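The values are calculated or read from the model by the stated rules, or taken from the named source; none is laboratory data. As the structure is a prediction and not an experimental result, all values here were calculated from the model. Every residue, glycine among them, receives a Cβ derived from its backbone with ideal geometry; neighbour counts consider all protein chains shown. Please note that ligands, DNA and RNA were not included when accessible areas were found on the heavy atoms of the full protein model with its side chains. Shrake-Rupley method; radii C 1.70, N 1.55, O 1.52, S 1.80 Å.
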Amino acid sequence: MEEHGIDSITEAVQQLRRNIHEHGPQEFVKELWYHELIRSTSYEMLDEDTGLPPKMVEYLFGLATTIPPTEQQSSAVNFYDVIDSLSLVYDQLRLKQDEVLANADSAEERRKAHVQHSQLERELTTGRFAHGTQRREFTRRVYSRVDEELSDILGLSASEAVSLADDLLRFHQATLGDKQLAPIIQHVVDIGDGPFQVQSEDAIAKAQTDPRSAFPSIWVNVAKYDNHRLNPLGSDFENGEYERYEDTFGTIREVVPELGFTSTEFRETLEGELNNLDSFFESMSIGIGEYESNPEDLSGSFSKFDYPFDHNPIHEYPLLSDQDGRFYLGPQNSLWFSLSTRFRYNILDSKHEGIGTRKIGEGAEDWVGECLENVNDENVCILTSVDYDYRDGESDFVLLYDDTVVVIEVKTRGLRLGSRLGPFDSFEKIQQDAEEVIGEPYEEQALKLLNGIKDGNVTNLQGDEGSVRVDPDRFSDYVPVLVVARPLDYAGTILHTDLLDLGENPPYITDIYSLQTICQHLSGSGALLNYIKKRIKVGVTGRALSIDEIDYLGEYLDHGLEYPEVPEEGLVNIIHAGSHLERIYDTGLVDDMEHL
């Protein structure tokens with residue numbers, strides 16, 4: 001840090017902003033969009049995620065919305081200079097993480113520091129695990145319940161937004177192939193001799209007709225090209241040959257002169273009435289430089305953006321527009337991320353809050369019910385929308401096995417913005433948020449019913465399916481489960497026991513997207529119950545570590561979540577253990593759009 005004269009996160013962000021401004025934010029968005037195109041395609045075709053961490057790509061897109069366009073970019077600042085200054089921000093955030101751990105003197109302080117460290121980690125690398133098609137499904141299933149209310153607020157319903165988003169992604173995919181992706185590949189081919197030479201021209205022809213047979217071998221070269229742009233000093237050439245790289249490969253503006261698209265180009269591909277198209281673009285887009293910035297404010301804000309722990313405008317406005325009226329789709333899954341989160345806030349800030357939140361809750365509960373139907377069999381009795389005569393009790397789902405009661409509560413919110421701050425704020429703020437999201441529904445609903453049955457205070461359950469009598473002598477296990485609408489990442493997989501005192505009967509915590517995947521891959525109600533019990537045990541002991549719930553599912557399917565060879569104090573890294581499991585289901589999207 002000393003060689004750059006940067007000794008604070010604020011200074012690092014200001015330097016990054018200056019470099020983007022001098023490079024030209026409009027041109028930087030094009031360069032970044034090009035990198036994202038290569039990164040997402042590399043992941044799809046090579047099963048390899050290359051380049052910048054996904055959250056850093058989101059961060060850079062978000063910053064571009066806060067930096068006003070310049071008349072002419074500076075030739076002294078290139079794309080790598082911007083990425084180099086991004087590393088200064090990244091390093092300062094890492095230093096803050098290390099600092100909070102280093103300053104922890106006692107076991108209790110280290111526990112709290114570990115939570116703060118992990119909460120910021122999800123903002124630096126990756127998190128909120130859900131495939132784009134699952135987020136589309138959430139919007140279609142849940143927010144369509146408030147179509148009428150959203151139309152009144154935005155002039156656009158959730159169903160209309162999903163339909164237009166489908167059309168936009170189809171159009172965008174065609175644009176990628178015809179106008180942007182093909183010239184990039186051809187440019188690499190035309191280079192000829194050198195470290196990136198394509199081995200066979202026949203492979204090019206095959207790639208055009210059968211991408212799976214030859215495309216990966218070509219794309220390796222394209223990915224290397226992009227990696228050079230991110231880190232020329234660490235590429236195949238010597239440091240002094242950076243200019244040769246630029247002369248050889250040219251700039252993105254020379255290779256693909258027309259990135260992005262106009263609303264007119266998109267409109268011409270549509271049929272029928274288009275009265276809501278303007279509302280769609282108005283609701284989903286933001287101009288480069290339009291969003292507020294204040295690097296001095298490190299409190300985590302909804303109204304400005306400077307740091308990864310601020311509210312990223314890309315999560316609300318996944319389309320960026322430039323001065324020429326061209327639009328650029330944000331990073332991978334950004335369109336579906338926005339649609340699966342933003343409508344809740346539109347409802348909360350409106351006159352429709354009461355009825356709207358009730359409808360959204362019912363939509364989420366119905367989806368959970370459909371997930372459970374995938375494992376329903378003769379070994380379990382599933383009750384939905386359960387009422388019982390004890391302290392005005394109600395629960396979303398009750399699963400009755402021979403000797404086990406499982407109570408499932410469904411909630412439509414996640415952790416608040418302040419919990420992202422990690423070491424930039426207090427452990428207590430994260431804990432308070434976790435208490436509202438996890439602790440209250442666990443204690444006041446799930447545990448209340450389970451203890452009521454166990455103590456004999458609840459003897460009858462009334463669900464949509466009918467009435468069932470329950471006897472505490474029948475049951476030996478009482479299992480609480482919490483399903484939230486938004487992934488909690490580390491707070492849901494392992495940190496909840498460090499955040500809260502969950503007593504002797506801790507819950508299993510998951511999100512609706514993970515539950516869908518779990519119920520697709522487990523066979524029968526017995527497998528689901530066995531998985532839940534083992535997950536609770538692993539969550540309490542901390543024997544296995546991952547930010548993604550589906551890694552635990554992968555470990556369960558492969559190894560039963562059992563680690564007899566590992567010392568009691570040992571920790572098993574299971575990251576990517578579930579990466580091979582399918583998360584894409586029948587949501588109506590065409591096959592060639594799945595990677596978007």
Zone residues, segment 294-311, relative to Ser87, backbone N less than 20 Å from point 7 Å out along Cα-to-Cβ
308
State, in angstrom, two size descriptors of segment 488-568 derived from its alpha carbons: Rg to one decimal place and Dmax to the nearest whole number.
12.2, 33
Protection proxy ranking of 94-102, 330-338 - average other beta-carbon atoms within 10 Å, highest first:
330-338, 94-102
Backbone N within segment 525-553 under 13 Å of label point (7 Å from Glu562 Cα along the Cβ vector):
534
Give me the one-decimal nm value for the distance between modelled label points at Thr264 and Lys533, 7 Å along each residue's Cα-to-Cβ direction.
6.7 nm
Just reorder Thr269, Thr357, Thr384 by solvent-accessible area, largest first, 1.4 Å probe, all chains present.
Thr269, Thr357, Thr384
If you stretched the chain out fully between Ala107 and Val468, how much longer would it get, using 0.36 nm times the residue separation minus the C-alpha to C-alpha distance?
125.3 nm
Compute the FRET efficiency between Glu394 and Ser163 as 1/(1 + (r/R0)^6), taking r as their Cβ-Cβ distance and R0 = 51 Å, and round to the nearest 0.05.
0.90
Express in whole angstrom the spacing between the alpha-carbon centres of segment 325-342 and segment 500-530.
30 Å
If r is the Cβ-Cβ distance from Gln432 to Gln520 and R0 is 41 Å, what FRET efficiency results, to the nearest 0.05?
0.75
From the square roots a ≥ b ≥ c of the eigenvalues of the alpha-carbon gyration tensor of segment 321-394, which class results: rounded (a/c under 1.5), prolate (a/b over b/c), or oblate?
oblate
How far apart, in nm, are the 7 Å Cα→Cβ label points at Asp387 and Leu571?
4.8 nm
Rounded, prolate or oblate: which fits segment 356-591 when a ≥ b ≥ c are the square roots of the eigenvalues of the alpha-carbon gyration tensor, with rounded for a/c under 1.5 and prolate only if a/b beats b/c?
rounded
With θ set to phi - 60°, apply the Karplus curve 6.51 cos²θ - 1.76 cosθ + 1.60 along segment 306-312 and write out the HN-Hα couplings as whole Hz, x wherever there is a Gly or Pro.
9, 10, x, 8, 7, 6, 7
With each pseudo-label sitting 7 Å past Cα toward Cβ, what's the Thr541-Glu99 distance in nm, one decimal?
3.8 nm
